[in-house]
Structure formats: structure tokens, C-alpha cells
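What follows is a single structure, and I will ask about it in a moment.
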Amino acid sequence: MLLRDYLVAVAEGYDYHDGFDTAQQRLLARASTELQDYGPADFVIKASGGQPPLGATLTPWIGFFDPDESVTPMDGLYVVWILDATGQNWTLRLNMGTEKRGQNVPAAYQAGTGSGKEQQLLAALRAEADAIRGALPHRIAEAWDSAVALHSTARRQRRYEAATILAQSYPVSNLPSDSILEADLRSMCIALQEAAQVKRRLAILAPGTISTSSSTLADSSARELVFDPGVDKVSTKLLPERSITRTPRHEDGLRRYGLWLQSRGFSPATNVHPRDFIIPGTPEWLGEYKVVYGSNVARATREAHSQLKEYRHFIYPRTNPRPGMVAVFSDSVTDERVTWLNAEGIAVVWNRDHEWHGCAIARKAGLGS
């Protein structure tokens, strides 16, 4: 189904008073299949018209989630189409999750005379959104609005507005062509990936500016290091026609590589956010694990490169010797990409036929076979 037709079909006649047994709600339940050709191939698509039995929402939404950042609107950053409370406008937004923030109001916003907890939270969300927006490349920030009203005074909708980083409104009665809507969605998904990098950088440079705890950035030598990458959670979306099961692969792959390192005498650690892992030693190795989706090695290698360079620069400004950098991939990457990363001082390891293969730098250090 075309994105434009989908947006029109959901909006026309939508009324949250009608509950969940409507054509619009059934379309929202089928979002992942109806819109599977839109957005980046590895993004997770979810939509909602409310939460049974609590009731339908007056602002239904369709979210596009980068699995490396978040797969839920409860936290992290995500791209979302939200129908405003008038039912007359769709808004495309880059938003921060709000549901897990109600009990996590930064100390800087807990003082305020006569201001209630909800006002404090809204202030904190706006400040964080402003900080991320202000650090985005100018070409991205200037292409979008900073706020678009949802025309509702309900608590959840006010939080959505406060947590908006970038946005644009589209009248349902005059939606642009499908190609324009697709291009705008693609641009917003690129902005999401830039914003995720900004968020990680702010966590390092300005602890407390965003919700990421500054304590996670403590020196490695000042904590007990633990290797526990977590578990990938399989999610199944039940649809009228069929079920879709999505299996994230980041944590499982990182776990397998970490166990391989342990079998060779290394002691990797994963409680070193925002880094994926480190390998203590002299020098210490700073590592990023990336899933290669299909044949898209460019994205995986670019992200590994930018994050490793950024983390080494900001987390190890005065470390001597400088930490080594290793990029680990779930699948083979091209020789050209390996050569490029090596030239940038990054060792490369990849999984092939259930073995961890490495470039010459990685093999010399014992990080790949």
C-alpha cells in the first residue's frame, strides 16, 4: 500500500470514541506489512491506535525504529507519524521516548517554585530536545520545524510535543505525492541516525544534559568490569493474515564474540556504555560490534568508524598509550572497507562460517583468526 494512501485511509473517519473494531484500527495493526517498502530496510515498523483495554488514542501513530537505537516509543529516539487531535493533520516527527521518563526528572529541573512534577518533566524533555537539535548539523536542523502542535492538552500528547526534536505537518486534505512523503520519511530517518550520534556525544561531553547517566562514563579502572551484553528479545507481531517475527542480532553476536575472546584468555567487558565493549590490557582495546544487514556493509562500517573515533577522542583524551580500536561485524565486509578502516587505525574482525576472522592487525593482537 502506498504511504500516502495509508495515511489518508487511517485519518479519514478516525474517531477514538469508536474503539478498536474499525477499519482504521485494523490498518494500524497491519502497518508493518502495509508499509514494509518504506524506510530503511532494517528499521522496525510499529503503529498504534491505543492500548486495549485502556482505550483508543486520539492521536494514532506509525513509528519507524532503528533497532540500534530503540524498538519502542517508550525510550530512545525514533521517527513517527502522529495524527493530531483534530484529525486534520499528520505530523512527521523525530521524537524522544517519554514513557520511561516520568520518574527520571534530571536534578536541574526539580527545583522551580510551585512547579509540579509533570511541568518539571516537560521542561526536562524540552531542554533535552533543544540540546540534541542544537548539536545537529545545520543542514539537517534548518530543514525541519522544531515543534508542531498536536492540538491536545492531554498529558501524553503534551509529552510528545515537549520531546520533539524535529517535525513537519501535512494537511490530510492536501498531502503531497507519495514520492515526496517517502523522501521526507527517508530524510527524517537519516536525521534520526545523526541525532543518535549527537545523543551519545552529549552523554560524553555534557553529562546530565540528556537522560543518559553520567556514571556510565566512569574510568574503566574505577569499576568492576563485567561481560554481560544482555539478550536479544524476539518480538512477534500478530496480524490478521500472518505473524511477523523479528529477531535482533546485536546482543547475541556480541556475546558470541566475547565468549570467543574469553576462550583465548581475554577479559572483555560490556558495562562501559556508550561503548559496546572494551578489552582491558596494555593497550586497552575499544570495540564496536555491528550487524551487517544484507549487503549493506557501507552503513555498518561507517557507523563503526565514526563511533570508535568519537569515543576514543572524548573518553580517552589523555590516555597513554592510546587505546586500540577494533570493529567487529556479524558478516564479511569488503576488502576495500577493511583497507579503509585499517588506514584509520581500526582493526577489523568479521564472522564467516561461524569463525571470527580478522585482518592482519587483529590477528597480530589475537583478536581474530
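Name the residue from Ser267, Leu202, Phe227 whose Cα lies farthest towards the positive end of the charge dipole of the chain, charges +1 on Cβ of Lys and Arg and -1 on Cβ of Asp and Glu.
About the Cα centre, the residue reaching furthest to the positive side is Ser267.
Whenever you get a sec, line up Val79, Val172 from highest to lowest accessible area (probe 1.4 Å, protein heavy atoms). All intermediate terms of the calculation are to be shown ahead of the outcome.
Values: Val79 0, Val172 20 Å².
Descending order: Val172, Val79.
Something else: Working from Cα positions, state the angle (0 to 90°, nearest 10) between the long axis of helix 178-205 and the longest principal axis of the chain.
That works out to roughly 50 degrees.
In debye to the nearest 20, how big a dipole does the range 1-79 give about its Cα centre with +1 on each Lys and Arg Cβ and -1 on each Asp and Glu Cβ? Could the numbers behind the result be given before it?
Numbers: 4 positive and 12 negative charges, 37 e Å.
It comes to approximately 180 debye.
Report Phe266's accessible area, 1.4 Å probe, all protein chains in place, as a number in Å² to the nearest 10.
60
Which sequence of Arg133, Arg201 reflects their accessible areas, 1.4 Å probe, from the largest down? Walk me through the numbers on the way to the answer.
On the way: Arg133 45, Arg201 65 Å².
Ranked from most to least accessible, the order is Arg201, Arg133.
Please report the accessible area of Glu12 (heavy atoms, 1.4 Å probe, ligands and nucleic acids excluded) in Å², nearest 10.
In the full protein context, Glu12 sits at about 120 Å².
Return a single number: how many Lys pairs in the chain, at a sequence separation of 8 or more or on separate chains, have alpha-carbon atoms below 28 angstrom apart.
19
In whole Hz, with x marking every Gly and Pro, tabulate ³J(HN,Hα) for the range 298-309 from phi via Karplus 6.51 cos²θ - 1.76 cosθ + 1.60, θ = phi - 60°.
Couplings: 4, 5, 4, 6, 4, 5, 4, 4, 5, 5, 4, 5 Hz.
Determine the share of the range 156-203's accessible area contributed by carbon and sulfur atoms, expressed in whole percent, with a 1.4 angstrom probe. Let's see the in-between values first.
On the way: 760 of 1730 Å².
The computed percentage sits at 44.
Provide the per-residue ³J(HN,Hα) series for the range 351-358, in order, calculated from phi with Karplus coefficients 6.51, -1.76, 1.60 and θ = phi - 60°, each as a whole number of Hz, with x at glycine and proline positions.
Result, rounded to whole Hz: 9, 8, 6, 6, 10, 9, 8, x.
Which of the listed residues, Ile346, Val333, Gln36, is farthest toward the dipole's positive end in the chain, when Lys, Arg count +1 and Asp, Glu count -1 at the beta-carbon?
Ile346
Per-residue accessible area for Ile165 at 1.4 Å probe radius, Å² rounded to 10?
Surface accessible to solvent at Ile165 totals approximately 0 Å².
If you rank Val71, Val8 by how much accessible surface each has, with a 1.4 Å probe, what is the order from largest down? The partial results should precede the final answer.
On the way: Val71 60, Val8 30 Å².
Sorted descending by solvent-accessible area, the residues read Val71, Val8.
Working from Cα positions, state the angle (0 to 90°, nearest 10) between the long axis of helix 117-135 and the longest principal axis of the chain.
The angle comes out near 60 degrees.
Which whole-number percent is the relative contact order of the range 10-98 (Cα, under 8 Å, 6+ apart)? Before the final figure, lay out the partial values.
Details: 157 pairs, mean separation 19.6, N = 89.
Answer for the range 10-98 is 22 percent.
Given +1 on the Cβ of Lys and Arg, -1 on the Cβ of Asp and Glu, and no further charges, what dipole in debye does the chain carry about its Cα centre, rounded to the nearest 20?
On the way: 40 positive and 42 negative charges, 204 e Å.
That gives a dipole near 980 debye.
Right, something else. Using the Cα centre of the chain as origin and beta-carbon charges of +1 (Lys, Arg) and -1 (Asp, Glu), tell me which of Leu2, Ala183, His138 is placed farthest towards the positive end of the dipole.
His138
Evaluate E = 1/(1 + (r/R0)^6) for Asp252 and Ile190, where r is the Cβ-Cβ distance and R0 equals 35 Å; express this FRET efficiency to the nearest 0.05. It would help to have the intermediate numbers written out before the result.
Numbers: r = 27 Å, r/R0 = 0.78.
My answer for the efficiency is 0.80.
The values are calculated or read from the model by the stated rules, or taken from the named source; none is laboratory data. All of these numbers come straight from a predicted model, not from anything done at the bench. Every residue, glycine as well, gets a Cβ built from its backbone with ideal geometry; the counts of neighbours run over all protein chains shown. Just the protein is used for accessible areas: all its heavy atoms, side chains included, with ligands, DNA and RNA removed. Shrake-Rupley method; radii C 1.70, N 1.55, O 1.52, S 1.80 Å.
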